[in-house]
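Let me give you the structure first, and then I'll get to my questions.
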Amino acid sequence: MLFAIYCRDKKDHQQVRLDNRPAHVEYLKKFTGQHAITGPLLTDDGQGMIGSLLVMEFADRAAAADFARNDPYAKAGLFESVAITPFRKVFPQ
């Protein structure tokens with residue numbers, strides 16, 4: 001089942017994001033084949049990163065939560081909030 005994982009960064013934590021980005025990217029690579037869409041949320045001008053959106057395949061919500069909890073960004077305390085919601089892809093078919 002697909003799950004949307006929507007993460008918002010804490011205010012003034014851009015350096016935490018930058019410092020942990022290499023570990024985060026390596027972590028994501030361990031889940032190749034499970035990503036429907038994955039990337040950063042951006043500021044209105046498209047220049048800064050303010051969170052993450054991942055739509056990924058997991059067996060269940062517990063597996064999605066375990067993935068999110070073990071993300072290096074989460075372990076570094078980057079996120080103000082994390083929401084995990086089942087997701088159904090409609091388009092493109």
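Rounding to the nearest 10 and keeping the result within 0 to 90°, find how far the Cα-based axis of helix 14-29 lies from the longest principal axis of the chain.
With both axes taken from Cα atoms, the answer is about 30 degrees.
Another one. Out of the chain, which trypsin sites (Lys or Arg not before Pro) are coil in DSSP terms and have no more than 12 other C-beta atoms within 10 Å?
Values: sites: Arg8, Lys10, Lys11, Arg17, Lys29, Lys30, Arg61, Arg69, Lys75, Arg88, Lys89; in loops: Lys10, Lys11, Lys30, Arg88, Lys89.
Taking the chain and a limit of 12 other Cβ atoms within 10 Å, the loop trypsin sites (Lys or Arg not before Pro) found are Lys11, Lys30, Arg88, Lys89.
Could you please state how large a percent of the accessible area of segment 12-93 is carbon and sulfur, counting protein chains only and using a 1.4 Å probe?
Within segment 12-93, the accessible surface is 54 percent carbon and sulfur.
Work from the charge dipole of segment 1-81 (Cβ charges, +1 for Lys and Arg, -1 for Asp and Glu, about the Cα centre) and give the residue of Asn70, Asn20, Gly39 farthest towards its positive end.
Most positive-ward Cα: Asn70.
For the chain, what is the relative contact order in percent, using Cα pairs closer than 8 Å and at least 6 residues apart in sequence?
49 percent
Something else: Taking amide H positions as placed in the peptide plane 1.01 Å from N, state which residues far from Lys10 in sequence (5 or more) or on other chains have amide H under 5 Å from it.
Sorted by chain and number, the residues that satisfy this are Phe79, Glu80.
Restricting to DSSP H runs of at least four residues, report the calculated mean residue ellipticity at 222 nm for the chain, -39500 (n - 2.57) per run over all residues, nearest 500 deg cm²/dmol. The partial results should precede the final answer.
Numbers: 3 runs with 30 residues, N = 93.
So the calculated ellipticity at 222 nm is -9500 deg cm²/dmol.
Here's a follow-up. Note the angle between two axes, namely the Cα long axis of helix 61-70 and the longest principal axis of the Cα atoms of the chain, as a number of degrees from 0 to 90, rounded to the nearest 10.
The two axes meet at around 20 degrees.
The values are calculated or read from the model by the stated rules, or taken from the named source; none is laboratory data. Not measured: the values here are computed from a predicted model. Cβ: placed from backbone, ideal geometry, glycine included. Neighbour counts: every protein chain shown. Heads up: the accessible areas ignore ligands, DNA and RNA and are worked out on the full protein's heavy atoms, side chains in. Shrake-Rupley method; radii C 1.70, N 1.55, O 1.52, S 1.80 Å.
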